[in-house]
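These notes concern the structure reproduced below.
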There are 2 protein chains.
Amino acid sequence: MSGDLVVALSGGIGGAKLALGLSWILRADDLLVVANVGDDFEHLGLHISPDADTLMYTLAGLDNTKLGWGRRDETWSFMETLTALGGEDWFRLGDRDLAIHVERTRRLRRGEPLSVITADFCRRLGVGPRVLPATDDPLRTKLRTDEGWLDFQDYFVRLQCRPVVRELAFEGADAASPHPELLAALRDEQLRAVIVCPSNPFISVEPILAVAGMREALSACAAPVIAVSPIIGGRAVKGPTAKMMTELGMKPSAAAVAQRYGDLLDGYVMDNADADEAALVAPRVTLAPTLMTTLAEREELARVVLGAADALASLNRAQNFA
Amino acid sequence: MSGDLVVALSGGIGGAKLALGLSWILRADDLLVVANVGDDFEHLGLHISPDADTLMYTLAGLDNTKLGWGRRDETWSFMETLTALGGEDWFRLGDRDLAIHVERTRRLRRGEPLSVITADFCRRLGVGPRVLPATDDPLRTKLRTDEGWLDFQDYFVRLQCRPVVRELAFEGADAASPHPELLAALRDEQLRAVIVCPSNPFISVEPILAVAGMREALSACAAPVIAVSPIIGGRAVKGPTAKMMTELGMKPSAAAVAQRYGDLLDGYVMDNADADEAALVAPRVTLAPTLMTTLAEREELARVVLGAADALASLNRAQNFA
């Protein structure tokens with residue numbers, strides 16, 4: 001009944017950690033990692049896809065563990081020189097990272113879809129699983145803040161998440177289509193689970209869910225949909241998730257993230273530290289250590305999440321036979 | 001009568017050596033270096049201006065003396081990664097060099113003229129003299145070869161000057177205008193000399209001369225026009241000058257270059273080694289060591305050329321009074 005294919009919806013850093021864990025325990029063909037494109041942007045004339053790149057670098061073992069973002073063995077000659085020339089240097093682009101953006105931009109201008117270029121980069125960088133942009137259509141996250149509407153990277157990098165967020169919008173989402181391979185995977189009888197990685201719900205996962213038809217496709221899919229909380233003990237491991245929750249009128253908690261996803265979820269994995277919130281969560285809860293500091297912890301959490309998904313699927317089958 | 005301003009017409013490497021010598025003996029305000037734009041091109045979505053950049057790097061002391069082209073202290077992470085991604089890597093772009101191209105392209109797309117951007121880069125890189133593109137309009141050198149018509153960089157870099165050259169054309173030259181500051185300089189009463197640097201006549205100097213109105217402006221200018229031979233003892237110091245001369249039906253010699261420039265020249269500086277060709281040259285010949293291996297030789301040749309120009313100007317004045 002339940003098959004082998006796992007779809008993981010992911011933003012950048014946090015999501016990539018779990019995606020890496022999944023990549024170690026699944027065959028490459030059995031993992032489809034769907035990347036948020038809401039924080040893609042044009043900068044210095046280049047098309048930059050931060051989340052897809054973070055996923056590729058992480059899955060290829062090329063991620064810069066010292067910086068926590070960007071590429072391993074990076075050099076900074078370009079940026080140094082750009083600064084000397086008076087160029088826009090608020091978004092740091094390493095010399096190796098830059099090659100991805102230049103080559104992606106060249107191929108996009110030639111008319112190739114983002115997904116095809118991403119697949120080719122994965123192959124060339126030695127990434128096993130497929131990394132698929134949620135859509136090949138333009139979709140951009142915008143934030144209404146106390147400083148007005150901001151482009152995502154203006155908010156996230158230039159202003160370092162300082163503005164107070166009032167509202168989010170995903171420009172282009174209504175006109176965008178989920179990538180056909182993503183839709184096919186969600187309809188696939190061999191689908192084992194959809195995993196919502198522990199990414200920021202507002203700026204990493206919801207831009208994926210906002211693509212026209214995505215929520216419907218997820219609701220219709222037979223396999224369990226299970227999310228991992230990005231909040232542990234009321235705090236985000238990294239990034240502005242907790243701050244944004246507060247600004248948007250939510251209590252920053254693991255339970256509130258599950259409530260935000262609503263009936264999209266069949267299961268929810270939250271940290272042992274948040275056990276007292278389990279009763280507030282509608283989908284079936286699995287408690288586990290969710291902080292992924294070591295590589296072993298990524299693999300272990302991946303096992304826990306898949307185990308929880310498989311248990312949900314069994315339960316579902318049992319109920320169907322009942 | 002004769003003033004202080006010196007205009008130097010230059011291509012890349014060879015011309016930049018003399019321009020550097022001139023920059024050491026002239027006040028920065030007294031030197032206007034006019035750069036060939038015929039080998040500018042679009043590559044990887046970037047506007048690359050090889051000759052202006054070589055001039056800037058050389059005049060700023062940032063030239064890569066080890067490679068003989070590009071920037072000092074260069075790193076190659078971008079190129080390495082681009083190769084790994086299957087990108088177009090036949091044109092080598094260092095990480096620091098790349099910053100110039102990215103920033104130039106960004107500003108061109110914003111509508112700034114090439115000359116304004118170049119002037120700003122010069123200021124930021126610490127280049128004293130003005131480096132001025134011959135024109136802000138598009139002008140591209142094309143070569144008809146035994147492999148058909150080729151873009152300049154296809155011929156020069158990708159095919160390493162191997163094809164046999166039959167004919168050259170300067171696309172856009174008829175519709176291009178010399179930069180107004182160049183025209184003003186040529187009309188300036190304070191103009192001391194126009195120096196045609198020892199660059200390749202066909203691909204470095206003639207694209208400058210091809211800009212509509214340039215030959216007329218040079219002919220009309222009151223100051224002496226003096227060229228330095230790029231050929232010593234029948235051979236080019238660097239590059240395909242001698243090979244191209246042969247292919248175009250000329251004897252590769254210092255005299256033939258002077259003949260090619262024709263009555264544009266009032267004076268010609270050629271190497272002592274070519275003394276026996278002096279009789280074949282119509283403009284007044286100055287013999288000197290023209291090989292600029294050391295920095296001192298660049299300065300010395302600059303003094304010789306300026307001295308020859310000043311002598312021509314005196315002679316001219318004497319004749320006018322006669």
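Since every read-out is calculated from the coordinates, none of them should be taken as a lab result. This is a predicted model, so every value here is computed, not measured. Quick reminder, even Gly has a Cβ in these numbers, built from the backbone with ideal geometry, and neighbours come from all protein chains shown.
Which of the listed residues, B:ASN36, B:ALA19, B:LEU85, is farthest toward the dipole's positive end in the range B:1-104, when Lys, Arg count +1 and Asp, Glu count -1 at the beta-carbon?
Farthest along the dipole direction, towards plus: B:ALA19.
Would you kindly work out, in nm and rounded to one decimal, the distances from the label point of A:VAL164 to those of the same position in each other copy, ordered shortest first, with label points 7 Å along Cα-to-Cβ?
Label-point distances to the other copies, shortest first: 7.8 nm.
Using helices alone, what [θ] at 222 nm do you get for the protein assembly as shown, with -39,500 (n - 2.57) per DSSP H run of 4 or more residues, divided over all residues and rounded to the nearest 500? Let's see the in-between values first.
Values: 22 runs with 238 residues, N = 644.
It comes out at -11000 deg cm²/dmol, rounded to the nearest 500.
Report, to one decimal in Å, the Kirkwood hydrodynamic radius for the range B:5-321 based on all distinct Cα pairs.
Roughly 19.8 Å, rounded to one decimal.
Could you tell me the center-to-center distance, by alpha carbons, between the range A:47-72 and the range B:13-80 in angstrom?
After rounding, the separation between the Cα centres reads 34 Å.
Relative to the longest principal Cα axis of chain B, at what angle does helix B:295-321 sit, 0 to 90 degrees, rounded to 10?
Once rounded, one gets 40 degrees.
Other chains' Cβ within 10 Å of A:66-78 residues: what's the mean?
3
I need the calculated FRET efficiency for the pair A:THR65 and B:LEU315, taking r as the beta carbon distance and R₀ as 51 Å, to the nearest 0.05. Don't skip to the end; give the middle numbers.
Values: r = 72 Å, r/R0 = 1.42.
With R0 = 51 Å, the Cβ-Cβ based efficiency is 0.10.
Counting only DSSP beta bridges with both residues in the range B:5-321, tell me the antiparallel percent, nearest 5.
Values: 16 of 41 bridges.
Expressed as a percentage, antiparallel bridges in the range B:5-321 total about 40.
Nearest 10 degrees is fine. How inclined is helix A:13-25 to the longest principal axis of chain A, computing both from alpha carbons?
60
Return the whole-Å distance between the Cα centroid of the range B:159-206 and the Cα centroid of the range B:82-104.
Between the Cα centres of the range B:159-206 and the range B:82-104 lies a distance of 27 Å.
Report the Cα centroid-to-centroid distance between the range B:270-316 and the range A:125-156 in angstrom, as an integer.
If we compute the Cα centre of each part, the gap is 62 Å.
A:PRO113 label points, 7 Å along Cα→Cβ, one per copy: pairwise distances from this copy to the rest in nm, shortest first?
4.6
Do me a favour and compute the ellipsoid semi-axes for the protein assembly as shown from its Cα gyration tensor, root of five times each eigenvalue, largest one first, whole Å.
Working: eigenvalues 850, 105, 71 Å².
The three semi-axes for the protein assembly as shown are 65, 23, 19 Å.
Given labels modelled 7 Å from the Cα in the Cβ direction, how far is it in nm from A:ASP120 to B:ASP174?
Simple spin-label model gives 3.8 nm for this pair.
Once you charge only the Cβ atoms, +1 for Lys and Arg and -1 for Asp and Glu, what is the size of the charge dipole of the protein assembly as shown about its Cα centre, to the nearest 20 debye? Don't jump to the answer; show the numbers that get you there.
Details: 66 positive and 88 negative charges, 98 e Å.
That gives a dipole near 480 debye.
To the nearest 10 degrees, how steeply does helix A:95-109 sit against the main Cα axis of chain A, on a 0 to 90 scale?
80
Of A:LEU183, B:LEU265, B:VAL305, which is farthest towards the positive pole of the protein assembly as shown's charge dipole, taken about the Cα centre with +1 and -1 on the beta-carbons of Lys, Arg and Asp, Glu respectively?
Among A:LEU183, B:LEU265, B:VAL305, the one farthest towards the positive end of the dipole of the protein assembly as shown is B:VAL305.
Put a label point 7 Å from Cα along the Cβ direction on A:ALA28, then list its distances to the equivalent points in the other copies in nm, shortest first.
5.5
Going down the list A:LYS66/A:LYS251; A:LYS66/B:LYS66; B:LYS17/B:LYS66; A:LYS142/A:LYS251; B:LYS66/B:LYS238, which pairs span over 26 Å between their C-alpha atoms?
Details: A:LYS66/A:LYS251 32 Å; A:LYS66/B:LYS66 33 Å; B:LYS17/B:LYS66 15 Å; A:LYS142/A:LYS251 22 Å; B:LYS66/B:LYS238 15 Å.
From A:LYS66/A:LYS251; A:LYS66/B:LYS66; B:LYS17/B:LYS66; A:LYS142/A:LYS251; B:LYS66/B:LYS238, over 26 Å: A:LYS66/A:LYS251; A:LYS66/B:LYS66.
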